[in-house]
Every structure is written in C-alpha cells, then in structure tokens.
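The values are calculated or read from the model by the stated rules, or taken from the named source; none is laboratory data. Note that the structure is predicted; figures quoted are calculated from it, not measured. Cβ atoms come from the backbone with ideal geometry, glycine included; neighbour counts cover every protein chain shown.
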C-alpha cells in the first residue's frame, strides 16, 4: 500500500516536509480505445488488468477513469456511447460508417467480449492500493460541427441550437456550442448520468471536470449562473449521498476548475461556497490545454480552502508554451525535466496531490517492466498524438514527480509559461514576450520555482532578440542579486524560441521561496526577451 500522507505546506522558514504527495492520473475517455485499435482483438480481462498494473509501484495514488465527452465511454441508458456509434449508418442525413475508427475497440470490449472495462479497472485499482475515481467532462466541446463526427451524439446534434450557450447569433467559435447550464434539461441529463454511473459502479470518488469546458452560461449571464451552479452542486451532492447509502462508504467529490479563484467566480463557479456547504471534498486548479500553467496560485488556494478541510490537487498539462500562440500552434511537449519543474512548484506550495492531465501511455510503451528504466536521459514524454511515446520517460516521471524529496534529486527546468484560457473579457495572462529598452526603467519577470535545496546550483537562461552583447549590454538581477553571464547555449527540447539563448549564473544566496524575480536593464539597446528558464542542477 502506498503512502497516502498528504503534503504539508512550507513552514515559516521556507523548508519543506519531504513527504510523498502522490499523483492523480486522468485517463482520457477515448485514449484507451484509440491507442489500442491495433490490438483490439487481443484485449481480454488480463490485458485490462495489466493496463492498471503498470501504475503499481509508482507515485500514482489515484486513477481517474474519464466517463465521457459528448459520448459515454461505457454503454449508457442516458448518453449515446462509443460502442453505440459502431452501429450508426446515417447522421445529419449523410451516410456514415465508423467501424474503422476507435469505436471498434469499444465495441469489441463491451459488446463482443462482454467485458465491463470500468468494473475491471476499478477492481484492479483497489487490489493495487490505488484510489479509483470516475471523472465527468461537464461540458465537452470536442468537434461540435455541422458535419458528422465520431465524437458527437445524436442528442448533441438535435440540441445544438436550443441547448447551446450561444443562441443569440450564429455559432462559429469552438466554444459556442458548449451547453448552457441555466437550461433545466441540461442539468437533469447530468444528474441522470451521474446517478446511472453511481448505480453501476462504486468508485472512491467522482470528479466534475469544468475545465472541459468552463463556458457554462450564455455570454453575459455568468454572474447570474452562480446560484444555478451552486444548486446544481447540491443536487450532485444529494445524488452521491444516495450512492453512499447503497455502497456503505463515503464517495469523494472533486471539482477541476480554472487556476484563478477570481476567474472561477466570474465564470459562475463559487468554489468557496461549495466548500463551505460541504458539497465538495477536493478542488483541482488547472490549466486548460495549450500550455501547462507554471504560475498557478496553489498556496493561495490551499489557504482559502483550509477552513473547510477541502483537499487541493494542482494540475499540470502535457503541453508547454511560453507565450500565447493563437489558433495555429506548434505542439511543444514537456520533457521529464520540464515536467518535474512544474511538479516541484505545485508540490512545494502545499498541494495534497499532483494531478496529471493528458499524461497517458500507448499500447507500445506500457511500463510493466520497470527494471530497465534509464534514469539519466531527459526524454520527451509526449508525441504529436499527445500520448506518451517512451516507457522510460513515462516511468521516470511517475516514479519521481509525486515526492519533492525525489524531485530535488533530479535535474529540473522551470520555464515561464502563460495562462492559456480565461473568461472572454480577460486576455491571456502572459509575461512574454517582454521588450526592454532602458537603463533606468527595468522590466520584471516572475519565475515560479517552488522549493530549491541549498545543495542545488541554478542557471538562468534567456532567449533574446536584438543586437546585444549579453556580457556588456545587459544588467540583470535575481531577487536583488546580480547574475553573471556565462555563455551562449543551445536549448534541449522543448525548444520554445528561435532567438539566441544565453545562460547566467545565479548566486545561491539569491534564491528565494517560492518564486524568483528577474530584473532587467539594457545599456542603450532595445531587446525582446521571449524565453526565460531557471535550470536547477542537483549536487
């Protein structure tokens, strides 16, 4: 049985109790079906159990099985399911045939072989000392278009116009067809689906994932939605209480939400009221997708939730970018070292759990054999499919990231990123790119790092555009201490800048907890800084 002791926060001196927080791992609703298409005929109960076994003897303490997008991942009386899609031959008046897509994997598991994937996974998690959760994507917006699509249910097609949050104009943006929770039928369908799920399965907890998506009310009606959503949470809580009576033990309720507590309220989610009313047991501040957010206010969340005895899990995404990139973007993937940088910051700010979103395996790279893992290489932990493409990297991450003590023994990188999706009226919160053009008016950049042991050395790396000699034309300070130019360097992946990158030595006496502040002057030159990193090198 794994150590389930939650992490403590930093004490007044900035020191950290090095206990194991553990990892919550979210399994996408269709990832398993997609990644196992080529081995669908080989899947049996033993294979399904081995999928869970790969997380044994790692830092994974909680495994979240995502139940749905617009479609249900398991056969349902409430929502159309992936296996139902296998039989569909016409949609929107057009002929379709999805039998060659990933839904064939769902069909073979549930219909042809009669295997209840959810029951088997929940049972194997329990056997392995891992808490099994069921996660609900509360407002998934994948592929809501006017053409047939394997991810969309007939119910969604039927109600694009009358259930969508945008009904006052034509729908053309990605989030326009998110459903409006002010509509009673939308909420009733959710209560029915959650009820059905809990009548069928007995998880350790359920997650309400509002980061898929948080656009839950008509534009301009978000504040009016606060009371509606709170009453909805009350209904969810009552549904869970009824399920608890049936199974004879508690079922936790977690909410995945925007990283900013102010923005949560503006969007219609009164998280603290839900905590006060005991509707929830855990809050999971999160980025959305385009980048992991390396500056989430974890410690603030922790302090706000403390009076209500609600746990906090800090989430990280698998993509990383340093600046907003618009609708066309390159997929920039974390490596083990950049992921450990994010993890160090989350864990050392006092999160009870580290939550990994989109960190999933592939059929070819399950980590059943942990004896041959290379503990030195800094490998990419994702590919274009967003699934893990290296069992070595995957295992290293999952056996290190849940414990600050282990993280502090590993090389890690802290990259300045941005907040990727906010309320419509707020721009993305980004520090980069940053233009500097004065010897008297400095620019400041915050780099969130979490706890850095005294035994580690630290190096600042800057991507700089402009005709500049970094040794003579720049004046740089970290936390009021001058940093010394070292050399021009080449970045290891992820490579997030095309500018020349220069490294600077940070005096150890300058390091603060839990973030560092970079102060930048130029001597008569105009420069643009588009990349900032602090690398932490253990002794």
- Query: Is it fair to say residue 463 is crowded, with 19+ Cβ neighbours inside 10 Å, outside the structural domain of residue 319 (by TED's automatic domain parsing) and touching a helix residue (DSSP H, G or I) at 6+ places or on another chain (Cβ under 8 Å)?
  - Reply: no
Within the stretch 19-46, the residues that are under 26 Å from residue 79 (Cβ atoms) and assigned to a helix (DSSP H, G or I) are 31, 32, 33, 34, 35, 37, 40, 45
Scanning the stretch 482-515 for residues that are more than 25 Å from residue 381 (Cα to Cα), buried (at least 20 other Cβ atoms within 10 Å of the Cβ) and touching a helix residue (DSSP H, G or I) at 6+ places or on another chain (Cβ under 8 Å) gives 483
Handout entry: Residue check for residue 471: loosely packed, with under 14 Cβ neighbours inside 10 Å, assigned by TED's automatic domain parsing to the domain that holds residue 440 and more than 16 Å from residue 433 (Cα to Cα)
Key = yes
(1) in contact with a strand residue (DSSP E or B) (Cβ under 6 Å, 6 or more places away or on another chain); (2) outside any strand (DSSP E or B) all hold for residue 524 apart from (1)
Any hit, the stretch 253-262, residues being modelled with pLDDT of 95 or more and more than 23 Å from residue 291 (Cβ to Cβ)
yes
Checked the stretch 398-421 for anything in contact with a strand residue (DSSP E or B) (Cβ under 7 Å, 6 or more places away or on another chain) and part of a loop (DSSP other than H, G, I, E, B); matches are 401, 402, 411, 416
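Each row is one residue, and each column tells you yes or no for (1) assigned to a loop (DSSP other than H, G, I, E, B); (2) surrounded by 19 or more Cβ atoms within 10 Å (Cβ to Cβ); (3) at pLDDT 95 or above; (4) in contact with a strand residue (DSSP E or B) (Cβ under 8 Å, 6 or more places away or on another chain).
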residue: 171; (1), (2), (3), (4): yes, no, no, yes
residue: 208; (1), (2), (3), (4): no, yes, yes, yes
residue: 214; (1), (2), (3), (4): yes, yes, yes, yes
residue: 218; (1), (2), (3), (4): yes, no, yes, no
Expected single match for touching a residue at least 24 places away in the same chain (Cβ under 8 Å), surrounded by 16 or more Cβ atoms within 10 Å (Cβ to Cβ) and either in a loop (DSSP other than H, G, I, E, B) or not assigned by TED's automatic domain parsing to the domain that holds residue 72 (or both) among 232, 269 is 269
Scanning the stretch 338-371 for residues that are surrounded by fewer than 22 Cβ atoms within 10 Å (Cβ to Cβ) and in a helix (DSSP H, G or I), the one modelled with the lowest pLDDT turns out to be 365
So the helices (runs of 4 or more DSSP H) completely within the stretch 61-136 holding 3 or more residues that are touching a residue at least 40 places away in the same chain (Cβ under 8 Å), in contact with a strand residue (DSSP E or B) (Cβ under 8 Å, 6 or more places away or on another chain) and in the same structural domain as residue 177 (by TED's automatic domain parsing) are 117-127
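Quick grid of which residues meet (1) under 30 Å from residue 397 (Cα atoms); (2) crowded, with 21+ Cβ neighbours inside 10 Å:
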{"site": "420", "(1), (2)": "yes, yes"}
{"site": "427", "(1), (2)": "no, no"}
{"site": "431", "(1), (2)": "yes, no"}
{"site": "438", "(1), (2)": "no, no"}
